[in-house]
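One structure below.
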Amino acid sequence: MTPPPHALVIPYPAQGHVIPLLELAHALVDRGFTVTFVNSEFNHHRVLAATTDTTKNGSAGLLDRIRLVAVPDGMEPGEDRNNLVRLTLLMAEHMAPRVEDLISRSHAGTEGADGGPITCMVADYNLGTWALDVARRTRIKSAAVWPASAAVLASLLSIPKLIQDNIIDSKDGSALTEDTFKLSPDMPIMRAAHLAWNCIGDHQGQEALFRYLIGGIRAVEKCDFILCNSFLGAEEATFAQFPKVIPIGPLLTGERRGKAVGHFWRPEDEACISWLNAQPTRSVVYVAFGSFTMFDTRQFQELALGLELCGRPFLWVVRPDLVHGDVHDYPQGFLDRVSASGRGMVVAWSPQQQVLAHPAVACFVSHCGWNSTMEGVRNRVPFLAWPYFADQFVNQVYICDVWKVGLRAQADESGVITKEYIATRVEELMSGASMRDRVEAMKKVALESLKEGGSSHDNFDMFVQAMKA
Ligand code: UDP
């Protein structure tokens with residue numbers, strides 16, 4: 001008899017990965033799967049802490065649906081987990097044996113192996129080869145999930161060609177040319193210096209990271225599915241060129257009320273929403289830069305002054321570690337002025353999906369993380385596109401040049417995006433009716449793809465059936 005489907009879902013240990021993979025885990029539970037979700041110990045504790053504070057029933061809402069398991073990531077307790085190169089390399093060594101043991105114990109029916117035998121693995125592509133190798137060794141089906149744009153995955157899968165065409169260096173993937181290029185005529189314009197591996201951290205460990213990514217290409221060639229958190233209408237040319245990559249998005253991240261959605265920080269739900277409720281329709285500038293972006297004090301202050309200069313209500317997420325050195329040096333009197341006028345609100349972390357869905361929100365000053373990009377699109381909010389690192393430069397090209405649902409944040413000769421520039425562009429976004437029409441149309445296409453008969457919905461169905469078989 002076929003055992004009931006039991007999926008092991010493993011995200012890359014970063015906020016922008018845990019959130020979409022946890023949503024995917026919920027979607028599998030909706031389709032009758034038992035799910036065991038493997039976080040690094042460090043993130044497991046953060047997710048639980050944020051969950052206990054945000055759901056009415058403590059963490060029960062999450063725990064009775066999904067079995068949460070923690071494994072060490074190999075880093076010391078106080079080490080900097082924003083050092084993605086080191087984290088990525090250590091993880092492979094430390095997480096793989098623990099995950100393999102978890103699967104083997106579930107197959108042997110050993111005590112503590114709840115949920116029955118694990119029958120398939122759904123692993124973040126960014127984990128590299130080790131997770132899919134474990135799936136092969138333990139003879140379970142496997143799928144890789146790419147939580148970002150298909151175009152960026154296409155750039156990874158095209159590394160051999162980029163080397164052959166002398167666009168990148170074969171040793172460490174660094175840029176050999178400043179010219180732009182396209183992977184196919186209708187795909188977005190790319191720059192070698194903006195390829196994801198060339199924009200992660202300082203260049204320490206670049207070669208090791210690049211080798212790791214090349215290993216990932218071989219691994220996914222052998223897995224049963226490559227799922228992508230995007231939709232056909234957003235990246236038609238890319239999906240046509242890379243048919244093995246299957247769109248199942250946009251995953252409805254952040255929409256499960258009363259269930260934890262994988263936040264690392266506690267969202268200030270009530271404060272944000274009651275403040276938004278008091279603002280006029282389509283008046284608010286929402287400003288958030290995801291979980292990694294960091295500012296220097298000069299740019300941070302310029303942004304604060306820019307928001308004041310806009311003269312519009314604003315909701316600004318200032319994460320505890322947003323500014324280098326963790327010291328938030330606001331311009332003199334800024335916070336007093338904001339609170340006295342009631343025109344702005346600053347929070348440490350927001351319930352972003354709820355915020356973007358709120359009728360008061362008019363535009364989104366965003367770092368163009370892929371989750372934020374999809375969340376902005378599916379809530380019809382135009383962007384001021386202000387990328388920081390990794391895949392965000394390609395996402396900016398989509399937003400500004402391909403979909404035309406946002407404007408670029410452009411630095412001046414001194415490298416600063418000035419307050420005047422911010423205020424002018426926000427004003428343009430507020431009054432740009434054609435941009436609003438385009439994002440509205442895109443929202444419709446995104447939501448259609450998730451309905452029965454829509455491409456993402458049907459792809460997910462097909463994947464679920466294959467994993468159950
Ligand atoms: N997010 C949130 N509250 C915030 C800021 C971000 O809930 O104040 C969520 C956001 O909705 C998204 C995720 O955190 O789902 C960030 O992922 P993204 O890919 O946009 O950026 P990253 O953090 O990976 O840079």
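The values are calculated or read from the model by the stated rules, or taken from the named source; none is laboratory data. Just so you know, these numbers come straight off a predicted model, no measurement behind them. All Cβ positions, glycine included, derive from the backbone under ideal geometry; neighbour counts span all protein chains shown. Surface accessibility is based on the protein's heavy atoms, side chains included, excluding ligands, DNA and RNA. Shrake-Rupley method; radii C 1.70, N 1.55, O 1.52, S 1.80 Å.
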Degrees, to the nearest 10: 84-108 long Cα axis against longest axis of the chain = 40 degrees
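Which FRET efficiency value, to the nearest 0.05, do you get for R298 and E93 by plugging their Cβ-Cβ distance into 1/(1 + (r/R0)^6) with R0 = 30 Å? Can you show the working numbers first?
Working: r = 39 Å, r/R0 = 1.31.
After rounding, the FRET efficiency stands at 0.15.
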ask   = Taking θ as phi - 60°, what are the ³J(HN,Hα) couplings along segment 326-342 by the Karplus curve (6.51, -1.76, 1.60), each to the nearest whole Hz, with x for Gly and Pro?
value = 6, 10, 9, 8, 5, x, 3, x, 4, 5, 5, 5, 5, 6, 5, 7, x
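Compute for segment 107-206: radius of gyration divided by Kirkwood radius, i.e. Rg/Rh, restricted to C-alpha atoms, rounded to two decimals. Let's see the in-between values first.
On the way: Rg = 18.3 Å, Rh = 16.2 Å.
Result: Rg/Rh = 1.13.
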ask   = Which residue, chosen from H263, V287, P359, occupies the Cα position most advanced towards the positive end of the dipole of the chain, where the dipole is computed from +1 (Lys, Arg) and -1 (Asp, Glu) charges on Cβ about the Cα centre?
value = P359
ask   = How much FRET efficiency would the formula 1/(1 + (r/R0)^6) give for T424 and K161, where r is the Cβ-Cβ distance and R0 is 41 Å, rounded to 0.05?
value = 0.50
request  = Once you have all Cα-Cα distances for segment 279-335, histogram them in 5 Å bins from zero and send the whole-percent values.
outcome  = 4, 18, 28, 26, 14, 7, 2, 0
query = How many angstrom separate the Cα center of segment 262-325 from the Cα center of segment 361-382?
reply = 13 Å
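How do 122-134, 328-340 rank on mean C-beta neighbours within 10 Å, highest first?
Highest-to-lowest ranking by the protection proxy: 122-134, 328-340.
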request  = Please list, in chain and number order, the residues 5+ apart from L195 or on another chain whose amide H is under 5 Å from its amide H, with Hs placed from the backbone.
outcome  = none
note = One would report the antiparallel percent of DSSP beta bridges in the chain, rounded to the nearest 5, as 5 percent
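Once the Cα gyration tensor of the chain is found, what semi-axes does its equivalent ellipsoid get, as square roots of 5 times the eigenvalues, in whole Å, sorted largest first? Numbers along the way, then the final one.
Details: eigenvalues 240, 135, 98 Å².
Whole-Å semi-axes of the equivalent ellipsoid: 35, 26, 22.
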query = Could you give the angle, 0 to 90 degrees to the nearest 10, between helix 433-450's Cα long axis and the longest principal axis of the Cα atoms of the chain?
reply = 20 degrees
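Kindly state, to the nearest 0.05, the FRET efficiency for A271 paired with K182, given R0 = 45 Å and r defined as their beta-carbon distance. Spell out each step's value before the answer.
Numbers: r = 45 Å, r/R0 = 0.99.
My answer for the efficiency is 0.50.
May I ask you to give the solvent-accessible area per residue for the chain, in square angstrom, as obtained with a 1.4 angstrom probe?
Working: 18840 Å² over 469 residues.
Ligands and nucleic acids excluded, the figure is 40 Å² per residue.
Just the C-alpha atoms of segment 180-298: what Rg/Rh do they give, with Rh taken as the Kirkwood radius?
On the way: Rg = 19.6 Å, Rh = 19.0 Å.
On the Cα set of segment 180-298, Rg over Rh gives 1.03.
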message = Run the simple label-point estimate for D172 and A357 please: 7 Å along Cα→C-beta, distance reported in nm.
response = 4.5 nm
query = Which parts of segment 152-184 would a label at E236 reach, counting a residue when its backbone N lies under 19 Å from a point 7 Å out along Cα-to-Cβ?
reply = 152, 183-184
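For every helix of n ≥ 4 consecutive DSSP H residues, a contribution of -39,500 (n - 2.57) applies; sum these over the chain, divide by its total residues, and give [θ] at 222 nm rounded to the nearest 500 deg cm²/dmol. Can you show the working numbers first?
Values: 18 runs with 202 residues, N = 469.
That comes out to -13000 deg cm²/dmol.
Carbon and sulfur: what percent of segment 170-291's accessible surface (1.4 Å probe)? Can you show the working numbers first?
Working: 2730 of 5570 Å².
C and S fraction of accessible area: 49 percent.
Over 26 Å between Cα atoms: which of K419/K443; K244/K451; K171/K222; K222/K443 fall into that group?
On the way: K419/K443 30 Å; K244/K451 22 Å; K171/K222 24 Å; K222/K443 34 Å.
Over 26 Å Cα-Cα: K419/K443; K222/K443.
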key: Whichever aspartates and glutamates have a C-alpha closer than 14 Å to that of K259, once near sequence neighbours (fewer than 8 apart) are set aside   = E23, D30, D53, D64, D269
